[in-house]
Amino acid sequence: MKGSQLQTRGTVMKPLIKPPSLQGMLMLPTVVVLGVISMLPFFYNIWIGLHDYYLLYPQDMTFIGLKNYLNIILDPSFWSALGRTVYFSGIGVSLELALGMGIALLLSRDFPGKGVMLTLLLMPMVLTPIAAAYMWRIMYSPSLGIINYLLSFLHIRGLEWTADYNLAIPSLILVDVWQWTPFMALILSAGLMSMPTELFEAAVVDGATSWQCFRHLILPLLKGQIMVALLIRLIDSLRTFDIIYAMTGAGPGHASETLNLYVYFTAFRDLDMGRASALGIVFLFIVIAVCTLLVSWSRIELTD
Amino acid sequence: MAAGQLHKREKLKDRLAFVATLIITVIMLFPILWMLGISLKTRIDALAMPPRWFFRPTLENYKLVFANSDFLHGFENSLIIAVCSLALVLAAGVPAAYALARFKFTRKKDIAFWILSTRMAPPVSVLIPFYLMFRSVGLTDTKFALVIMHVTINLALVIWVMRSFFQEIPRELEEAALIDGCTPLSAFTRIVLPLSANGIVATAILGFVFSWNELMFALVLAGGGAKTAPAFVCNYISYQEIIWGQLAASGVIVSVPVLIFIGMVQKYLVRGLALGALKQ
């Protein structure tokens, strides 16, 4: 009797430490599914990457060790694809951060219709990417598109946009910026709203200029949000597919072939699976390196 | 006096911010409205230069797109794949999210990071091994293959977003339930789950949208039978002669489910995109 009472009290006092199996039970499906959908293909990928394996001649699959990796390092088109990726993601994400910060600052002011405008600003990032790609293709059309028509008022004539070797990536960056600046703006404005307003009032009364406020108050306080937004956007930007595939098909030539498209085409156009798998692993480690660098540099905690 | 001036200046800044935000919103929306406009134009109006700002709208393009049975089939495939993959993801992910939100256990941080890392992996490097595996067992061009792939997109998303919902539910509720004789498991199923129904719906909708928008897996894994709506839309582009009106109409149609759904769960969107890394 007394013993059972004690036991009950014990449960009440430490209610969230249970028979050890519950957490395990709750985690089990996820661990199993993740094991199958992430670890299995990962190791299979490594395995394939150590082989010479053309999909057209699967019977000729031969083990070649690290030769695929060596070939990748010696391959100039890998390096130029990497360069284009840095170009596309670097410029795109930086622009999104700068513009997003601008919009977030505007939204921190008080004016009517803010909620409605915020909702409308969300639309570019939720639109089905392939639809967005089409839309921009129509607008970029050299002879019949609205963009060249509007530019003609500024006496700029007939740009070829996605068909121009030098303009292809900037054209894609413009679409990316259009689509994802709202994301930056939203995250940053959520951060701004959670800041104590007294701080700013005090600074303004003390005669701080807007720039001083921004530089010495907002930026340091917003660092966490900025870093998370940057990280998420970088991860997604590095693997941009739909827009590039549908708008330029990585062309003209290879002008807009980012690493992601390069791996894709190596696998599913050239059918060179060994090399593509190795490229996939290299790509994965590049993404991990970028993430690790950003996370450790900003000291944000991703897992609470 | 000084305070009054300050106040006036702030008011002026508010107004300037209003005008600037309005202009930005119009610029951001312009492409979407333009597509909508083209989709409602006749062939001649769509190709007119200078552009026709005022025209008699026609639903002809939409009729033509819908008359294509492949397109409807793609729509149906997208729907089935999204719903099935989400059911799997929710069944596995929701309990895991709860465990991550509430319990302490060994290697929890590592497991949480492992889950997150599946979102960092470039989809193309996940696709290659899966493609080879599906191919060797004859599963390419099946909805099943795409369902599995969409689980890979959404599992981390669901776990991280649901985790942040569970963290918002006060712990005391479960403690009270335990005192009233619930087991920890029934406290979860009877108290926490019903309370987080809204969160689950919001998360499911976010997952649906990601699944609906997915293109790369569909291009590679679906030939004809399992082709999804975005992959079908993609077909228009390979045609030599671009039919602007139908192109725009198909773009609008594919986006409509997404826009409706996101309208419903808009405030959770950022949480979903940022994987719950941020509290809104």
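Observations
- Once the convex hull of all Cα atoms in the range B:66-157 is built, its volume per residue stands at 120 Å³.
- Neighbour count of at most 15 Cβ within 10 Å plus DSSP loop: longest trypsin sites (Lys or Arg not before Pro)-free window in chain A: A:1-156
- Each principal axis of the Cα cloud of chain B was evaluated for its coordinate range; sorted largest first, these ranges are 81, 73, 32 Å.
- Two tests apply to each whole DSSP H helix in chain B, Cα reach of 27 Å or more along its axis and mean Kyte-Doolittle hydropathy of at least -0.5, and the ones passing both are B:2-39, B:69-102, B:143-168, B:244-264.
- Most mobile of A:PRO182, A:PRO142, A:PRO196 in a GNM of chain A (Cα contacts under 10 Å): A:PRO196
- Using equal-weight Cα scatterers in the Debye expression, the normalised intensity of the range A:170-304 in log10 at q = 0.13 Å⁻¹ is -0.73.
- Label zone at A:ILE64 (point 7 Å along Cα-to-Cβ), backbone N below 18 Å, the range A:252-278: A:263-278
- Note: relative contact order over chain B, using C-alpha pairs below 8 Å and six or more positions apart, is 30 percent.
- Residue order, fewest to most beta carbons within 10 Å, for B:LEU132, B:LEU64: B:LEU64, B:LEU132
- Charge context of A:PRO124, other residues only, Cβ under 13 angstrom, K/R +1, D/E -1: -2
- Span-like helix check, chain A: qualifying full DSSP H segments, with Cα axial length of 24 Å or more and mean Kyte-Doolittle of 0.5 or more, are A:76-107, A:168-193, A:273-298.
- For chain B, built as a Gaussian network whose Cα springs stay under 10 Å, the top-fluctuating residue of B:GLU214, B:GLU172, B:GLU60: B:GLU172
- Residue of A:ILE37, A:ILE103, A:ILE288 that the Gaussian network model of chain A assigns the largest fluctuation, springs spanning Cα pairs under 10 Å: A:ILE37
- For the range B:115-184, the C-alpha radius of gyration sits at 1.72 times the compact-globule guess of 2.2 N^0.38 Å, with N the residue count.
- Dividing the mean sequence gap of close Cα pairs (under 8 Å, 6+ apart) by how many residues the range B:122-267 holds gives a relative contact order of 30 percent.
- Percent RCO, i.e. relative contact order, over the range A:177-260, from Cα pairs under 8 Å lying at least 6 residues apart: 25 percent
- Prolate/oblate/rounded label for the range A:148-191 (Cα gyration tensor, a/c 1.5): oblate
- Taken about its Cα centre, the range A:72-230 carries a charge dipole of about 180 debye when Lys and Arg each add +1 at the Cβ and Asp and Glu each add -1 at the Cβ.
- Three-way shape call for the range A:244-291 based on the alpha-carbon gyration tensor, with the a/c threshold at 1.5: oblate
- Given 11 as the ceiling on other Cβ atoms within 10 Å, longest exposed-site-free region of chain B for chymotrypsin sites (Phe, Trp or Tyr not before Pro) in DSSP loops: B:55-238
- For the protein assembly as shown: rounded, prolate or oblate by the Cα gyration tensor [a/c cutoff 1.5]: oblate
- Percentage, to the nearest whole number, of Cα pairs in the range B:138-280 over 21 Å apart: 58 percent
- Computed about its Cα centre, the charge dipole of chain A is approximately 900 debye, with only Lys, Arg, Asp and Glu carrying charge at their Cβ.
- Measuring gaps between exposed loop sites in chain A (chymotrypsin sites (Phe, Trp or Tyr not before Pro); DSSP loop; at most 13 other Cβ atoms within 10 Å), the longest gap, sites not included, is A:1-152.
- Dipole axis of chain A (+1 Lys, Arg; -1 Asp, Glu on Cβ), positive-most option in A:VAL36, A:ILE288, A:ILE64: A:VAL36
- Mean shadow area of chain A over all directions, Cα convex hull, nm²: 26.8 nm²
- Loop trypsin sites (Lys or Arg not before Pro), the range B:63-164 (other Cβ atoms within 10 Å of the site Cβ: 10 or fewer; DSSP): B:LYS104, B:ARG107
- Dipole size of the range A:180-259 about its Cα centre, with +1 on Lys/Arg Cβ and -1 on Asp/Glu Cβ: approximately 160 debye, rounded to the nearest 20.
- Distance between the C-alpha centres of the range A:98-168 and the range B:83-132: 34 Å, rounded to the whole angstrom.
Coordinate-derived values only; no laboratory data. Keep in mind the model is a prediction, meaning the values are calculated, not measured. All Cβ positions, glycine included, derive from the backbone under ideal geometry; neighbour counts span all protein chains shown.
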